[in-house]
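All remarks here apply to the structure that follows.
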Amino acid sequence: MLDILILLGSTREGRKTDRVARAVESRLKNRDVETHLFDLKENPLPILGKRRFNDDSPHPNTEKLGSLIEDTEVLLIISPEYNHSYPGSLKNALDHFYPEFEDLLFAYMTTSAGGFGGIRQQSHLHDFTLAVSGVPGPSLPVSNLQNHFSEEGKITSEEYEKRIEDFLNEIIEHVP
Ligand SMILES: Cc1cc2nc3c(=O)[nH]c(=O)nc-3n(C[C@H](O)[C@H](O)[C@H](O)COP(=O)(O)O)c2cc1C
């Protein structure tokens with residue numbers, strides 16, 4: 001069974017991007033896909049001291065995320081845009097790993113409360129992916145996310161019902 005790991009990059013109090021991650025998780029569960037949602041707010045990683053492959057006793061959350069990355073076929077990053085990039089908490093988490101990412105397919109959902117869909121972080125996420133020898137895959141920008149996803153993590157607009165189904169199909173088509 002295909003395995004897709006969702007990494008939620010929003011950790012702030014009052015965040016909204018968790019709505020998108022929960023909606024996508026439930027859509028994947030309706031398909032023949034094994035899925036895990038790793039929430040960096042619930043499972044924070046320490047500020048980088050040693051990368052996991054160099055660390056004899058990694059933090060349990062680092063070990064948990066590292067094992068999930070090793071076992072997955074797709075890493076789907078769902079991330080808000082902060083100051084035209086992706087959040088520092090997400091960068092810190094990603095930097096704990098390196099060999100774990102080799103040849104892994106990445107997909108991206110970038111979010112914003114405004115009209116640009118968090119798109120300005122996209123090239124930064126691509127650069128990260130290439131730096132760790134991953135494979136950049138499909139992406140979906142989500143503008144005005146509060147208009148399309150409820151606090152309960154449900155999709156509330158037909159537009160995004162379709163966009164997300166199309167996006168998940170595109171991810172599955174990209175899996176080698
Ligand atoms: C530190 C910070 C920086 C932000 N910078 C941007 C930005 O550069 N572009 C943008 O569209 N929205 C920006 N926003 C607003 C986000 O679009 C908004 O927080 C949105 O709800 C998605 O992120 P969330 O998961 O934090 O809620 C920023 C928000 C914060 C907290």
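The values are calculated or read from the model by the stated rules, or taken from the named source; none is laboratory data. Nothing here was measured: the structure is a model prediction, and the numbers come from that model. Note: ideal-geometry Cβ built from the backbone for every residue, glycine included; neighbour counts use all protein chains shown.
Residues in the range 22-30 include none that are under 24 Å from residue 168 (Cβ atoms), in a loop (DSSP other than H, G, I, E, B) and within 16 Å of the ligand (Cβ to nearest atom). Scanning the range 13-24 for residues that are in contact (Cβ under 8 Å) with a residue 60 or more places away in the chain and of a type outside the set (A, V, I, L, M, F, W, C) turns up 15, 16, 17, 18, 19, 22. Taking the criterion of being within 16 Å of the ligand (Cβ to nearest atom) and surrounded by 21 or more Cβ atoms within 10 Å (Cβ to Cβ), the only residue of the range 123-138 that qualifies is 125. Consider residue 29 carefully, then state whether it is in contact (Cβ under 8 Å) with a residue 24 or more places away in the chain and basic (Lys, Arg). In short, no. Name the single residue that is farthest from residue 17 (Cα to Cα) among those in the range 100-122 being without any contact (Cβ under 8 Å) to a residue 60 or more places away in the chain and within 7 Å of the ligand (Cβ to nearest atom). Step by step, filter the range 100-122, then rank; the result is 120. Residues in the range 30-41 include at least one that is surrounded by fewer than 17 Cβ atoms within 10 Å (Cβ to Cβ), basic (Lys, Arg) and at pLDDT 95 or above. Pairing each residue of the range 64-83 that is more than 16 Å from the ligand (Cβ to nearest atom) with any residue that is in a strand (DSSP E or B) and among the aromatic types (Phe, Trp, Tyr), provided the two are 6+ apart or on different chains, yields C-beta distances under 7 Å for 65/38; 68/38; 75/106. Quick one: which of 35, 11 is within 16 Å of the ligand (Cβ to nearest atom), of a type in the set (Val, Ile, Thr) and under 30 Å from residue 147 (Cβ atoms)? None of the others qualify; the one that does is 11.
Checked against (1) under 28 Å from residue 96 (Cβ atoms); (2) within 16 Å of the ligand (Cβ to nearest atom); (3) of a type in the set (Val, Ile, Thr); (4) surrounded by fewer than 16 Cβ atoms within 10 Å (Cβ to Cβ), residue 142 passes all but a single condition, namely (4).
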